[in-house]
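The values are calculated or read from the model by the stated rules, or taken from the named source; none is laboratory data. From a predicted model like this one, the values you see are computed outputs, not experimental measurements. As a convention, Cβ positions derive from the backbone with ideal geometry for all residues, glycine included, and neighbour counts pool all protein chains shown. Side chains included, ligands, DNA and RNA excluded: accessible areas come from the protein's heavy atoms. Shrake-Rupley method; radii C 1.70, N 1.55, O 1.52, S 1.80 Å.
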Amino acid sequence: MLKQWSLLFQRILQERKERAGDNKKSIDIVGRIEELKSAVLQALPKGRERDVARAVVRYRRLADFITRLASAIGYKGIAQFSGSYRELLNEMGVVDLVWDDEANSPYYMIAILTDGGFVGCHEYLYPEVDDFAQVWKSFVSLEDSIREAVIDAAGEMANDESEFEKRTESLADYHNTIREADAAESVVRRRVRRLE
């Protein structure tokens, strides 16, 4: 029995490593695309369009994260908000952002909500999320019209909101459900093995 648990645990760790490796490759590709975007920006004529394009490229990750999270929660008014990043999250009803380390959870990051629920992010899309407070300070210093253009662009690019899932149960209840399902699956596997 101990050997089976050990093998199961090793398999889970291996799957997590493989997912992390795949995500790292994806992040590298995104980085290369960012470099291409910078080259394209240099070719744009100077003026307002160039400023907007530059801001879209610079704040794309922050705007993408915030607009997807806000959409999952049902919050509107990001572009007009001029407070701190923490104040924005509070305004959206987010108590905390945490990395989910629960085995077999499909989420990488969790936004814990004031209503007791949470929003889970399925993909490891935002490794720089811990730096977003600093990036937000710079973002809110932009002209209102440029901020709105950046948020609008992020909203247009974020056509698939499936990475973010709002759950009404508490994170603790959700983790308990996962553990119970894992335990039940283990019992079923043992019964099947006895039948073989």
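Computed values, structure above
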quantity: Residues of segment 77-133 satisfying the condition of being assigned to a helix (DSSP H, G or I) and not basic (K, R); calculated: Y85, E87, L88, L89, N90, E91, M92, V129, D130, D131, F132, A133
quantity: Check on E87, closer than 30 Å to R179 by Cα and open to solvent by 20 Å² or more (accessible area, probe 1.4 Å); calculated: no
quantity: Close pairs from segment 88-104: first farther than 14 Å from Y75 by Cβ, partner in a helix (DSSP H, G or I) and of a type in the set (K, R), Cβ under 9 Å, at least 6 apart; calculated: E102/R179; A103/R16; A103/R179; N104/R179
quantity: Unmet criterion (only one of (1) touching a residue at least 60 places away in the same chain (Cβ under 8 Å); (2) crowded, with 18+ Cβ neighbours inside 10 Å) for S71; calculated: (2)
quantity: Top-ranked residue in segment 9-21 [being modelled with pLDDT of 70 or more and farther than 15 Å from D101 by Cα; ranked as nearest to the chain's Cα centre (by Cα)]; calculated: E18
quantity: Options G155, G120; residue that is under 15 Å from A79 (Cβ atoms), surrounded by 16 or more Cβ atoms within 10 Å (Cβ to Cβ), within 16 Å of the chain's Cα centre (by Cα) and of a type outside the set (V, I, T); calculated: G155
quantity: So D173, is it within 21 Å of I73 (Cα to Cα), open to solvent by 20 Å² or more (accessible area, probe 1.4 Å) and out of contact with any Asp or Glu (no Cβ under 9 Å at 6 or more places or on another chain); calculated: yes
